[in-house]
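Derivation of every value follows stated rules applied to the coordinates shown; laboratory data play no part. The shown structure was predicted, so the numbers you read here are calculated from the model rather than taken from an experiment. Because the Cβ atoms are built from the backbone with ideal geometry, glycine has one as well, and the counts that use them run over all protein chains shown.
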Amino acid sequence: MTEQKNHESLGEAVPQILSVTTYQTVGPYFKIGLEALYRDDLTKPDIPGQVIEIAGTVFDADLTPVPDAVLELWQADSFGRYTDQPQKKPFEDSFGFGRVPTNEAGRFRVRTIKPGAVQAETSARQAPHILVSIFMRGLLYRLITRIYFSDEPGNADDPVLRSIEPRRRDSLLAKADPAQPHRYEWNVFLQGENETVFFDL
Amino acid sequence: MNVFDSPPTRPLYRNFQDGVLPPNFCPSYVSSVKRSPRQPLVPLPQTVSELTGPTFAPPENIQPVDLTKGPHGQALGERILVSGRVLDEDGRAVAGTFVEIWQANAAGRYLHARDQHDAPLDPNFIGCASLVTDTKGRFAFETIRPGEYPWRNHYNAWRPAHIHFSVFGPAFATRLITQMYFPGDPLLPFDPIFNSVRSQTARERLIALFDWETTVPEYALGYRFEIVLRGRQETPMENKP
C-alpha cells in the first residue's frame, strides 16, 4: 500500500464536496501559453450581423498604460444566442470567444459582430453586451466586467446596468465614435476616480 | 430570487467559500498594489451569458502531450509525468474542456523576451501545450520539472517551481487560471503569490502529489494534479443577495 493510496482512501471518506481549485496570477510570461489562442477578430463569413471594432487602453492606478494584460471576451451572436453546443475543433467552428493582449502602449483592439439583446427562455431581456475577463501580472484573481454600447436604447432597462450606481455605469459603456459609428472606444481603469465596475460572479 | 433567469433554466454555480479566492489587493505581492481595484465588486447574477462558454467534444481517451521533444532533441532537465482530472466540486468529470499549460525550463528561464534572468535557454524546450480533457475529464502530459527563479518582488525573492494552468470549464463562470506547485518545495512558505490564498485547504489543492502509480520505472516520476472547478447547486437557489 502506497502513501498515495492512503491519501485517496482518506479523501473518499471525508468530504462530500471537494475543495475547489483557486486562482493564481497569470504572471508576466503568459504569452508563451496563451498566444496560440489570441483571437482579435471574431467575425466569420457565415455569422451575420454588424461588424464593429472595439479598442481601448488598460490603465493602472497612476494612469500608466498596462502593457502586459490579456482580455478574454465572451458574447452572443447578433440574434442574442450563445454557441452552447460542444464543438469538434477547439475554437475553430464556434462563435463568441475572443482573446486579445494589450500592446506596449497598453492598447487592445478587437473586431467582432455586435451582439444582439440577450433573452433566455425565462429571463429578463438584457441589452447587448460582451463579458470580459481580465488577467495580468499583479492580479491574483481575474477581473470580470461587461462591455455595453453607448448607442443602445435598451441599456436603460438592462437589469445588470440598473443594479449599478448611476455614476459608475458609464465605465461599462463603449463609446461610439461620432465619425465612425461602428468603432467603439472602451477603456479600463483598474483603480482611481474612474475605476471600472468589476463584478463578483 | 434571481430575477434575471427565474426559474433558472440552467443550474447555477456555487459561490466560493471565504478565504478560497486570493484578494486582488495583496500588498505583499507588490505589483498588485497599483493594478487592483479599490471599489467593492458588484454582484453579478448568473445569467445565460455567464452560464455558457466555449465547450468541446471530448476525445475518447487522453491525448498524449509531450513538451520534452525539441527540434534538435530532448529538452534538458528532469523529465516528469503530470496527470490528473478536471472535476467539479461534486466529483463529476469535466469532459471536453480546454486546458493550456506553460512553464519555465529546467534552469528557471521562460522563453519570453521579458525574462532576463541569467539562466540558459534550452533550444529544445518551448514550455507550452494545450489539450482537451477526455470523456472522464482526464489529462496527462510529459514535461521537464521547471526550475525555481528569482523575481524582484522583495529582497532575495524566489518563485517556487510551478506550472501555469488555464482551464475553461463548462461556462464563463468556471474560467480558471492558476499555478501547480510541487510537494515539499522549500520556497512555498516564502511565496506571496501562493500565500495570498488564506485557506490552507485551498493552498494545498494547488500542490501536486507525487504519484507512485504513474511513475514509470527507469524513466520519470509521476505527479498527480486534480483541478476542481465550481460545482452546481443541487436546487435552484437564491443567487446573490
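Count Lys and Arg as plus one, Asp and Glu as minus one, and take only other residues whose Cβ is under 10 Å from that of B:Asp134; the net charge is then +2.
Counting only other chains, what is the mean number of Cβ atoms within 10 angstrom of the Cβ of each residue in peptide A:80-92? Working shown, then result.
Details: counts 2, 2, 8, 4, 9, 3, 10, 5, 2, 3, 11, 5, 0.
Mean partner-chain Cβ count within 10 Å for A:80-92: 5.
Ignore the peptide's own chain and count Cβ atoms of other chains within 10 Å of each Cβ in A:134-147; give me the average, rounded.
On the way: counts 1, 3, 2, 5, 10, 11, 14, 13, 5, 5, 7, 4, 3, 0.
Counting Cβ atoms of other protein chains within 10 Å of each residue's Cβ and averaging gives 6.
Between the C-alpha center of the range B:133-169 and that of the range A:108-139 there is a gap of 29 Å. Using Cβ point charges alone (K and R +1, D and E -1), the dipole size of the range B:88-241 about the Cα centre works out to roughly 480 debye.
Are any of the pairs A:Lys89/B:Lys69; A:Lys44/A:Lys88; A:Lys44/B:Lys69; A:Lys88/A:Lys175; A:Lys44/B:Lys136 more than 27 Å apart by Cα-Cα distance, and if so, which? Show your work: numbers first, answer last.
On the way: A:Lys89/B:Lys69 24 Å; A:Lys44/A:Lys88 17 Å; A:Lys44/B:Lys69 35 Å; A:Lys88/A:Lys175 36 Å; A:Lys44/B:Lys136 32 Å.
Those over the limit are A:Lys44/B:Lys69; A:Lys88/A:Lys175; A:Lys44/B:Lys136.
Using only the Cα atoms of chain B, build the gyration tensor, take square roots of its eigenvalues as a ≥ b ≥ c, and label the shape rounded, prolate or oblate: rounded if a/c is under 1.5, else prolate if a/b is larger than b/c, else oblate. Since a/c reaches 1.5 but b/c is at least a/b, the shape of chain B is classed as oblate.
FRET efficiency for the A:Gln87 to B:Val33 pair, using the beta carbon distance and R₀ = 51 Å, is estimated at 0.80.
A dipole drawn for the range A:110-166 from +1 and -1 charges on Cβ atoms has a positive end, and of A:Ser123, A:Ser133, A:Phe149 the residue lying farthest that way is A:Ser133. Summarising the amide proton neighbourhood of B:Arg109: residues at separation of 5 or more, or on other chains, whose placed amide H is nearer than 5 Å comprise B:Gly147.
Of all DSSP beta bridges confined to the protein assembly as shown, the antiparallel ones make up roughly 75%. Peptides A:34-41, A:74-81 ranked from most to least packed, by the mean per-residue count of other Cβ atoms within 10 Å: A:74-81, A:34-41. Per residue of the protein assembly as shown, the DSSP helices (runs of n ≥ 4 H) give a summed -39500 (n - 2.57) that works out to -1500 deg cm²/dmol at 222 nm.
Placing +1 on the Cβ of every Lys and Arg and -1 on the Cβ of every Asp and Glu, with no other charges, gives the range A:27-189 a dipole of roughly 160 debye about its Cα centre. For the options B:Leu76, B:Leu221, B:Leu41, a Gaussian network treatment of chain B with springs between C-alpha atoms closer than 10 Å singles out B:Leu41 as fluctuating the most. Under 19 Å of direct C-alpha separation, and excluding same-chain neighbours fewer than eight residues apart, B:Lys34 reaches these aspartates and glutamates: A:Asp60, A:Asp62, A:Asp68, A:Glu104, A:Glu193, A:Glu195. Taking amide H positions as modeled 1.01 Å from N, with prolines and chain starts lacking one, the residues under 5 Å from A:Phe149 and 5 or more places away or on another chain are A:Ala174. The residue list B:Leu51, B:Gln103, B:Leu81 was ranked by how far each Cα lies along the charge dipole of chain B toward its positive end, using unit charges on Cβ atoms, and B:Leu51 comes out on top.
Could you tell me how far the Cα centroid of the range B:205-230 sits from the Cα centroid of the range B:78-132, in Å? Using only Cα atoms to place each centre, the spacing works out to 14 Å. Peptide A:59-71 has a mean of 2 when you count, residue by residue, the C-beta atoms of other protein chains within 10 Å of its C-beta. Among residues other than A:Asp177 whose Cβ falls under 12 Å from its Cβ, what is the net charge (Lys/Arg +1, Asp/Glu -1)? Charge balance near A:Asp177 sits at -1.
Would you please classify the overall shape of the range B:151-195 from the alpha carbon gyration tensor, given that a ≥ b ≥ c denote the square roots of the eigenvalues, rounded means a/c under 1.5, and beyond that prolate means a/b larger than b/c while oblate covers the rest? The partial results should precede the final answer.
Working: a/c = 3.35, a/b = 2.19, b/c = 1.53.
Verdict is prolate for the range B:151-195.
Please sort B:188-195, A:84-91 by packing, taking for each peptide the average over its residues of neighbouring beta carbons within 10 angstrom, highest first.
Values: B:188-195: 17.6, A:84-91: 14.4.
So the order, starting with the most tightly packed, is B:188-195, A:84-91.
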